[in-house]
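Asks: The structure follows.
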Amino acid sequence: METKIYKITSPHDEAIKEVGRILEGGGLVAIPTETVYGLAGNALDGETACKIFSAKGRPSDNPLIVHISRFEQWTPLVKHIPDTAKALAEAFWPGPITMILPKSDLVPQAVCGKLDTVAVRMPENEIALAIIESAGVPLAAPSANLSGKPSPTCAEHVIEDMTGRIDAIVDSGDCSVGVESTVLSLVTDVPRVLRPGKITAEMIAEVVGEAEIDDAVFEKLREGQAVSSPGTKYKHYSPEAAVVLVRGDFEKYASYVRENAAEGTVALCFEGEEEKLCVPCVTYGKKNDPASQAKNVFDALRAVDKIGAKKVFARFPESEGMGLAVFNRLLRAAAFNIIEL
Ligand code: AMP
Ligand code: MG
């Protein structure tokens, strides 16, 4: 299949109509959002959802997030919108938070895996909103990477993974947040963060009184453990190289890298640390700046493969606030491999 590329930098670009027509006709288009690029298709059509799973190579029990451009589009997708959900939407939409509620019959089962709930988000990116409007239907859009690879934060990443597999890619530059949305379940007694993102549990608790964080954010699932978010059980964000998260201050980290360096060792460190390390380096943002780390982490995970890394020693990010989102992605990229110094 030939994959068309549209360079779009304004929500008023004429090409948005053409993209809308492809989506309306059941096609797949990778679109920018503020979090990462999404692989979009008509969320109300089960066959289109199946095409999304096969283009990504994604297991069909890992459900898709449905993207809307107006509040009214939410009502028919779910059984009921509780006041907590309304308050959160008011506070954070359009923006990087996804809310899970019991699904209505309108949402095809294929979109939700085997679950009876549906995840919905209204993105902030104006081009994404214009594309949803133009398609005239909510769009199911998982991250536009091949399953298992780091999520795409610029069109080049999508081109690497999706050329020949989908109808079109909209290129509108770098994503401003860089990690996927916060996924929040509202079917539990207390709202529960299943995947951390820019909107933190503390920010959610400020709006609705309380919020908890699912254990799967920090830990590998135990054999037989019930899965609240199917995405957490799969290998994720992985470069070809073996990644190890190294916890300790910079001096200890630098000595650890020196003592354990071999051919193909790469340091995944913070900006400005390169000159003090004795191996090739890739940086992922500034120290003590989770927003800059979030913006750079997926590109850095792709970059280590491009320089032929075999083993990657990654600096340990702060895990507070938005840092938890970065920590969670690196923890999975490292398959939970942590060295404490
Ligand atoms: P992605 O589409 O690649 O951003 O991944 C979407 C994430 O949301 C995955 O981790 C899914 O498992 C999770 N997700 C989507 N829908 C649901 C749902 N109904 N219940 C729980 N988790 C969900
Ligand atoms: Mg994904």
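Asks: Given the criteria among the β-branched types (V, I, T), within 30 Å of K306 (Cα to Cα) and modelled with pLDDT of 95 or more, does V190 qualify?
Replies: So V190 does not fit the description; no.
Asks: Could you list all residues from the stretch 182-231 that are part of a strand (DSSP E or B), within 14 Å of the chain's Cα centre (by Cα) and either surrounded by fewer than 18 Cβ atoms within 10 Å (Cβ to Cβ) or not hydrophobic (A, V, I, L, M, F, W, C) (or both)?
Replies: Scanning the stretch 182-231 gives T182, R195.
Asks: Going through the stretch 253-276 one residue at a time, which ones are in a loop (DSSP other than H, G, I, E, B) and surrounded by fewer than 20 Cβ atoms within 10 Å (Cβ to Cβ)?
Replies: At the first step, the residues of the stretch 253-276 found to be in a loop (DSSP other than H, G, I, E, B) are 261-264, 270-273.
Across the stretch 253-276, the qualifying residues are A261, A262, E263, G264, E271, G272, E273.
Asks: Using the structure shown, decide if P138 is touching a residue at least 24 places away in the same chain (Cβ under 8 Å) and touching a Pro at 6+ places or on another chain (Cβ under 8 Å).
Replies: No, not satisfied.
Asks: Take the stretch 291-338 and flag every residue that is assigned to a loop (DSSP other than H, G, I, E, B) and basic (K, R).
Replies: Of the residues in the stretch 291-338, the ones assigned to a loop (DSSP other than H, G, I, E, B) are 307-310, 316-322, 334-337.
Residue satisfying the conditions is K310 alone.
Asks: Taking the stretch 184-208 on its own, how many of its residues are more than 23 Å from K79 (Cβ to Cβ) and touching a Pro at 6+ places or on another chain (Cβ under 9 Å)?
Replies: Here the count works out to 5.
Asks: Could you count how many residues in the stretch 142-168 are out of contact with any Leu (no Cβ under 6 Å at 6 or more places or on another chain) and part of a loop (DSSP other than H, G, I, E, B)? Break it down into steps so the answer makes sense when it comes.
Replies: Filtering the stretch 142-168 down to residues out of contact with any Leu (no Cβ under 6 Å at 6 or more places or on another chain) leaves 143, 145-149, 151-160, 162-165, 168.
Filter once more, keeping what is part of a loop (DSSP other than H, G, I, E, B): 145-149, 151-154, 163-165.
Residues meeting the conditions: 12.
Asks: Right, next: Within the stretch 169-181, does at least one residue satisfy the condition of being out of contact with any Phe, Trp or Tyr (no Cβ under 8 Å at 6 or more places or on another chain), assigned to a loop (DSSP other than H, G, I, E, B), of a type in the set (S, T, Y) and within 11 Å of ligand 1 (Cβ to nearest atom)?
Replies: Within the stretch 169-181, one or more residues are out of contact with any Phe, Trp or Tyr (no Cβ under 8 Å at 6 or more places or on another chain), assigned to a loop (DSSP other than H, G, I, E, B), of a type in the set (S, T, Y) and within 11 Å of ligand 1 (Cβ to nearest atom).
The values are calculated or read from the model by the stated rules, or taken from the named source; none is laboratory data. For clarity, every value in this text was computed on a predicted model and none was experimentally measured. Reconstructed Cβ throughout: ideal geometry from the backbone, glycine too, with neighbour counts over all protein chains shown.
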